[in-house]
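Asks: Okay, handing you the structure first.
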Amino acid sequence: MKRLLDEGKLILIAIPVLIWTLLPIYHLFVLSISNQESMLAGKLWPDQPTLQNFQIVFKQQHYYLTNFWLQLFNSFLIAITTGLLTLFIATCAAFAISRLKAPGGRSIMNFALATYLIPAAFLAIPMYKAMGTFGLLNTRTALILAMVALASPYAIWVLKQASDKLPKELDEAAIMDGATSLQLFRMVYLPLMKPSMVVIGIYALLLAWNEYLYAFLLLSSEKELPLAVGLGLFLSADDAPWNLLMTAGLIYAIPPAVIYYGFRNNMVSGLTAGAVKS
Amino acid sequence: MTAATMATSTPASADATSGQARDRVFWGVLMLAPYILVFAVMVAYPVAYGLWIGLNFESYKALFADPIFLRTVVNTIIFLFVAVNLKFLIALFLSGFFVQQRAWVRFMLVLFILPWAVPSIPTILSFRVMLNPENGMINQQLFQWFGIMEGPGWLTDPTLAFASSILVHIWKSLPFWTLILVTGRLAIAQDLYEAASVDGANKWQQFRFITWPSLATLYVTSTLLSMIWTLGDFNSVYLLTGGGPGDLNHVLATLGIRYMRNNNLDLGIASIIVAMPLILPMVWFMVKRLSKGAE
């Protein structure tokens, strides 16, 4: 009887939490299969579910969607390049700081941490200005560089912590055998760090894929934009075709969600463990 | 240590170890170089440039004369206070729910982290469409079920629009902090609870004397970190209401961008510099704390 009562209490908590969590996502989905009429009537479920929106999006048959495929490609390009560059920079830096005890490593780590903690929205304006001076405005390179600068600090920090946990004896033994630093990196460090590197690569990739503000500031031509900002263009009109916006948004949301759930256990423990050390 | 012991052995190996030491320094610096370059070009230079622009005293006079700025400062403080505290109280409560050892609760956790796993642009835009006062699903449903002809102006009434931004912010960041607190709760030894219930402690006493003391540090650190990040939340405000209606609902993160888009870079920079006395102590504290924890 008490068990049943406990179960009931839990269910009473679960229902509102589920509705709250899923409502916007459900709404996104419902609109993507609604025609204009059902959408404007705010139906909980469309009278005639349709896949026509997807057809329109894929064939780019609307003014706001003229560059859909190009923008989707841009999103992939920016995310993957950011992921790889961040991984390279952070893996090298973490090795130098943690294993080689490079001079100045500690200060670099603190600068990186400060960069990680200062909200990105506050770095955006100075960074925009600097990009103007470099003549990089409205290039995808600018966005990639900005995203690498934003992703690297946390990446270095997580990798450094993982690296600190590797036993010192491994390095000492290798050094006794006359291994050079580069050999140590390739044969000892890289193989052991692989799991953390996967998490960090994905972290940087998702950060770049999901970014709106920097993309919106640094890029202006519709052919350079990633899909995130392409979706934002719908906001410029009041009577925007929301169902098409939601359809394109759903397509945009799927790759990160798949990656997330595919690597869920690693991601959750990897990212939450790094965020707050108590 | 190896260098010291080996240096005394033979001249040949002394050469080898000092060679190795030089090799370590060389590679250490070389491998730090890419990040130092990125940091110098993309962070240090822009920040220095921004500070230089920020030296203009006139900008601050103009800033404090702007009623939108003053309103924004108040908004930001309210946003921070309400959003962070509400989020953490809910997260604290829900973390107690998600530590329950039941299969369906664990499955629910998978659904619960969706807002965190899905990019914010489509979901915030989904909120925006859903809350549209005329055609949005919420008000249409209110009409169909309760016959309310004119539903609340979720995005057109200044107070409601501000509250909506806070709700969207909480929706997005709640899963992350709940997970953090779940991790914290799972680290508490179970026999403490068993001993307590043998002694007849009720649920509240168990929370008060076991859970809370164990979670307090984590809770405070997380709150601080969340405050810094909430201060930088551009999307929840900009994508939902654009700071509207009538620029009444900006926060510092969106106001700077608004100044800049209106070709008023100096004011944008000044509005950021004004926020620094609030941000930097928290950042400094967290850097100390995180780098100490890593040792």
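Asks: I'd like the full set of residues that are closer than 28 Å to A:Ala149 by Cβ, free of Cβ contacts under 8 Å to residues at least 60 places away in the same chain and in a loop (DSSP other than H, G, I, E, B), limited to the range A:169-213.
Replies: Correct list: A:Tyr212 only.
Asks: How many residues are more than 7 Å from chain A (Cβ to nearest Cβ) and under 32 Å from the mean Cα position of the chain (by Cα) when one looks only at the range B:18-35?
Replies: Summing the residues that are more than 7 Å from chain A (Cβ to nearest Cβ) and under 32 Å from the mean Cα position of the chain (by Cα) in the range B:18-35 gives 1.
Asks: Specify which of the listed residues (B:Asn135, B:Asn139) is part of a helix (DSSP H, G or I) and not hydroxyl-bearing (Ser, Thr, Tyr).
Replies: One residue alone meets the criteria, B:Asn139.
Asks: B:Arg128 fails exactly one of the following numbered conditions: (1) crowded, with 18+ Cβ neighbours inside 10 Å; (2) part of a helix (DSSP H, G or I); (3) free of Cβ contacts under 8 Å to residues at least 60 places away in the same chain. What is the number of that condition?
Replies: Exception for B:Arg128: condition (3).
Asks: Right, A:Ile78: surrounded by 24 or more Cβ atoms within 10 Å (Cβ to Cβ), closer than 30 Å to B:Asn263 by Cβ and under 16 Å from the mean Cα position of the chain (by Cα) or not?
Replies: Against the criterion (surrounded by 24 or more Cβ atoms within 10 Å (Cβ to Cβ), closer than 30 Å to B:Asn263 by Cβ and under 16 Å from the mean Cα position of the chain (by Cα)), A:Ile78 qualifies.
Asks: Still on this structure, please answer the following. Just to verify a result, which residue in the range B:215-265, among those that are out of contact with any helix residue (DSSP H, G or I) (no Cβ under 8 Å at 6 or more places or on another chain) and among the polar types (S, T, N, Q), is nearest to B:Val287 (Cα to Cα)?
Replies: B:Thr217
Each reported figure results from applying straightforward, stated rules to the coordinates on display, with no laboratory input. What you are looking at is a predicted structure, and each value in this text was computed from that prediction instead of being measured. Positions of Cβ are backbone-derived with ideal geometry, glycine not excepted, and every protein chain shown enters the neighbour counts.
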